[in-house]
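Asks: Just passing along the structure, written as structure tokens.
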Amino acid sequence: MKVLFIGGTGIISTAVSQLAVNKGIDLYLFNRGNSNEFLPQGAKVIVGNINDYDNTKSQLDKHEFDVVVDWIAFTPDDIERDIKLFKNKTKQFIFISSASVYQKPLEHYLITESTPISNPFWEYARNKIASEYRLCEEYSKTGFPYTIVRPSFTYGVTLIPAVVTNNKMPMTLIDRIRKGKKVIVPGDGTSLWVMTHNSDFAKGFVGLLGNEDAIGEVFHITSDEVLTWDQIIKTIGEVAGAEPNIVHIPSDLINHYAPDIGAGLLGDKSTSVVFDNSKIKEFIPEFECTVKYKEGITRSLKWIENHPKYCGIDQETNAVIDRIISKYELAFE
């Protein structure tokens with residue numbers, strides 16, 4: 001099976017790329033060639049910029065792929081470009097959407113793929129929704145062979161999953177916890193959430209590659225382990241060797257002072273989520289998530305501490321967190 005990943009070296013896609021190669025898939029990665037650290041041995045790289053349509057077309061026209069996966073499409077314009085590039089050039093096109101597309105607030109706590117999609121709080125989610133609609137439209141008109149996958153919060157060795165911090169500099173949160181500085185948990189800390197290790201996600205995803213039954217279908221792929229946000233942060237503290245000094249702050253207030261963070265809270269992480277993974281298990285019977293959150297965080301922290309370039313502290317985010325906390329605490333003076 002010949003497969004093209006647009007991207008392929010991100011937090012989620014790295015694990016999928018590795019597993020795909022391990023399974024004997026003839027994997028091509030089309031990207032800018034800037035993230036070779038996580039390039040799996042055996043994958044072939046085509047260097048290019050997907051947003052340069054003419055150059056991309058000239059490089060890919062010589063190929064036909066059984067499956068194309070776009071890991072970095074975010075808007076309907078991106079999907080429009082992909083339809084032009086890959087119509088009649090692939091047997092399956094997989095769009096990476098997001099579990100944030102599910103309705104906010106939820107009508108029912110248990111999320112299935114049939115849960116309505118609507119998100120008035122977050123532009124990112126609305127763009128993913130519009131992209132899904134465009135694919136459905138093209139499928140009904142021309143039979144464009146899409147499959148949609150909706151990840152929720154998925155992490156790997158380079159990430160310490162948190163909610164009010166800079167995930168690109170994961171030691172920022174660890175540093176605050178170890179120094180006894182206050183860390184923010186939105187709401188009262190009891191909202192339910194699901195963290196999925198990228199190696200587990202990969203098991204379900206790779207099973208969809210070339211799966212004819214998955215054409216025209218939508219899947220989310222998540223762990224079945226459900227935690228509260230307090231449990232999530234306290235587990236990070238346990239692994240880091242310090243008790244987190246948690247302060248609970250309403251998401252609305254966080255959004256007021258840091259809308260870049262707040263949009264993702266109001267449109268995603270402040271809503272309790274529990275995912276029903278029956279559908280992916282029906283299509284991929286061998287799919288099972290085996291990496292518990294504490295184990296995953298232990299792996300991440302060990303890896304990050306052994307790679308100094310990932311150990312920087314984001315002082316700008318620290319300042320934002322301190323400002324939000326100070327504004328919140330003024331109410332109690």
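All of the numbers you see were taken from the coordinates with simple rules; none came from a lab. Please read all numbers here as calculations on a predicted model, not as lab measurements. Here Cβ is always computed from backbone atoms with ideal geometry, including for glycine, and neighbour counts include all displayed protein chains.
Asks: Expressed as a fraction of 2.2 N^0.38 Å, the rule-of-thumb size for a compact globular protein of N residues, what is the C-alpha radius of gyration of the stretch 9-68?
Replies: Numbers: Rg = 11.8 Å, N = 60, 2.2 N^0.38 = 10.4 Å.
Relative to the rule-of-thumb radius for its length, the stretch 9-68 sits at 1.13.
Asks: Given the DSSP H assignment, sum -39500 (n - 2.57) over each helix run of at least 4 residues in the chain and divide by its residue total; what's the result at 222 nm in deg cm²/dmol, nearest 500? Display every interim value, and only then the final one.
Replies: Details: 12 runs with 129 residues, N = 333.
About -11500 deg cm²/dmol.
Asks: Give me the angle, in degrees from 0 to 90, between the Cα long axis of helix 76-86 and the longest principal axis of the Cα atoms of the chain, rounded to the nearest 10.
Replies: 30
Asks: According to the Kirkwood expression over distinct Cα-Cα pairs, how big is the hydrodynamic radius of the chain, in Å? Don't jump to the answer; show the numbers that get you there.
Replies: On the way: mean 1/r = 0.0481 Å⁻¹.
So the Kirkwood estimate lands at 20.8 Å.
Asks: Something else now. Can you tell me what share of the DSSP beta bridges in the chain is antiparallel? A percent to the nearest 5 is fine.
Replies: Details: 4 of 39 bridges.
Counting DSSP beta bridges with both partners in the chain, the antiparallel share is about 10 percent.
Asks: With axes computed from alpha carbons, what is the tilt in degrees of helix 123-142 against the longest principal axis of the chain, rounded to the nearest 10 within 0 to 90?
Replies: 20
Asks: Let me check the size of the stretch 58-205 from its C-alpha atoms; what are the radius of gyration and Dmax in Å?
Replies: Radius of gyration, then largest Cα-Cα span, for the stretch 58-205: 18.4, 58 Å.
Asks: While we're looking at this one, here's another question. What is the packing order of peptides 126-134, 302-310, taking the mean over residues of other C-beta atoms within 10 Å and listing the highest first? Please report the intermediate quantities before stating the final value.
Replies: Values: 126-134: 19.9, 302-310: 12.7.
Sorting 126-134, 302-310 by mean packing, highest first, produces 126-134, 302-310.
Asks: Can you list the residues, at least 5 places off or on another chain, whose amide H is less than 5 Å from the amide H of Ile249, using H built in the peptide plane?
Replies: Val185, Gly187
Asks: Select from Val45, Pro76, Asn34 the residue farthest towards the positive end of the dipole of the stretch 1-118; place +1 on Cβ of Lys and Arg, -1 on Cβ of Asp and Glu, and compute about the Cα centre.
Replies: Value computed over the given set: Val45.
Asks: Please state the charge dipole magnitude for the chain, taken about the Cα centre, from unit charges on C-beta atoms (+1 on K and R, -1 on D and E), reported in debye and rounded to the nearest 20. Walk me through the numbers on the way to the answer.
Replies: Working: 35 positive and 43 negative charges, 140 e Å.
Its charge dipole is roughly 680 debye.
Asks: Would you kindly state how much longer the chain becomes between Glu305 and Asn211 on full extension, computed as 0.36 nm times their sequence separation minus their alpha carbon distance, in nm to one decimal? Don't skip to the end; give the middle numbers.
Replies: Working: separation 94, 0.36 × 94 = 33.84 nm, distance 3.90 nm.
Result for the pair: 29.9 nm of gain on full extension.
Asks: A further question follows. Which length gain, in nm to one decimal place, applies between Lys279 and Lys91 when the Cα-Cα distance is subtracted from 0.36 nm times their residue separation?
Replies: Length gained between Lys279 and Lys91: 65.5 nm.
Asks: Quote the FRET efficiency, to the nearest 0.05, computed for Leu106 versus Glu288 with a Förster distance R0 of 22 Å and r equal to the Cβ-Cβ distance.
Replies: Details: r = 26 Å, r/R0 = 1.16.
The value I calculate is 0.30.
Asks: Now for a different question. Once label points are set 7 Å from the Cα along Cα→Cβ at both Asn22 and Lys84, what is their separation, rounded to one decimal in nm?
Replies: Using points 7 Å along Cα→Cβ, the separation is 3.9 nm.
Asks: Taking a virtual spin label 7 Å from the Cα of Leu253 along the C-beta vector, which residues in the stretch 153-194 bring their backbone nitrogen under 12 Å of it?
Replies: 184-188
Asks: Taking the Cα-to-Cβ direction at Asp260 and at Val47 and moving 7 Å from each Cα, how far apart do the two end points lie in nm?
Replies: Between Asp260 and Val47, the simple spin-label model gives 3.0 nm.
Asks: Now for a different question. Can you tell which of Tyr155, Val183, Phe144 lies farthest toward the positive end of the dipole of the stretch 100-221, using +1 and -1 charges on the Cβ of basic and acidic side chains (Lys, Arg; Asp, Glu)?
Replies: Val183
Asks: Related question: To the nearest 20 debye, what charge dipole does the stretch 1-69 have about its Cα centre, counting +1 at the Cβ of each Lys and Arg and -1 at the Cβ of each Asp and Glu? Before the final figure, lay out each step's value.
Replies: Numbers: 6 positive and 7 negative charges, 26 e Å.
Computed about the Cα centre, the dipole is about 120 debye.
Asks: A follow-up question, please. Using amide H atoms built in the peptide plane, which far-off residues or other-chain residues are under 5 Å from Val69 H to H?
Replies: Residues meeting the criterion, in which the H sits 1.01 Å from N, are Leu4, Phe5, Ile6, Ile94.
Asks: Still on this structure: What angle do you read, to the nearest 10 degrees and between 0 and 90, between the alpha-carbon axis of helix 11-22 and the longest principal axis of the chain?
Replies: Computed tilt is about 40 degrees.
Asks: A further question on this structure: Once you keep just the Cα pairs under 8 angstrom separated by 6 or more residues, what percentage relative contact order results for the stretch 35-98? Don't skip to the answer; put the middle values down first.
Replies: Numbers: 41 pairs, mean separation 21.7, N = 64.
Relative contact order for the stretch 35-98 comes out at 34 percent.
Asks: Please compare each pair in Lys44/Lys87; Lys203/Lys309; Lys57/Lys87 to a cut-off of 19 Å on the Cα-Cα distance and tell me which ones are over it.
Replies: Values: Lys44/Lys87 22 Å; Lys203/Lys309 29 Å; Lys57/Lys87 12 Å.
From the list (Lys44/Lys87; Lys203/Lys309; Lys57/Lys87), the Cα-Cα distance tops 19 Å for Lys44/Lys87; Lys203/Lys309.
Asks: Between Phe332 and Lys179, what is the FRET efficiency for a Förster distance of 25 Å, r being their Cβ-Cβ separation, to the nearest 0.05? Please report the intermediate quantities before stating the final value.
Replies: Numbers: r = 23 Å, r/R0 = 0.91.
My answer for the efficiency is 0.65.
Asks: If you consider only alpha-carbon coordinates, what radius of gyration and Dmax does the stretch 210-331 have, in Å?
Replies: Both quantities, over Cα of the stretch 210-331: 18.6, 58 Å.
Asks: Follow-up question, since we're still on this one. Could you give the nm distance between label points at Lys57 and Ser114, where each point is 7 Å from its Cα heading toward the beta carbon?
Replies: Going from the Lys57 label point to the Ser114 one covers 4.2 nm.
Asks: Given the stretch 72-158, what whole percent of its Cα pairs are spread farther than 23 Å? All intermediate terms of the calculation are to be shown ahead of the outcome.
Replies: Details: 1002 of 3741 pairs.
In whole percent, the share of Cα-Cα pairs in the stretch 72-158 beyond 23 Å is 27.
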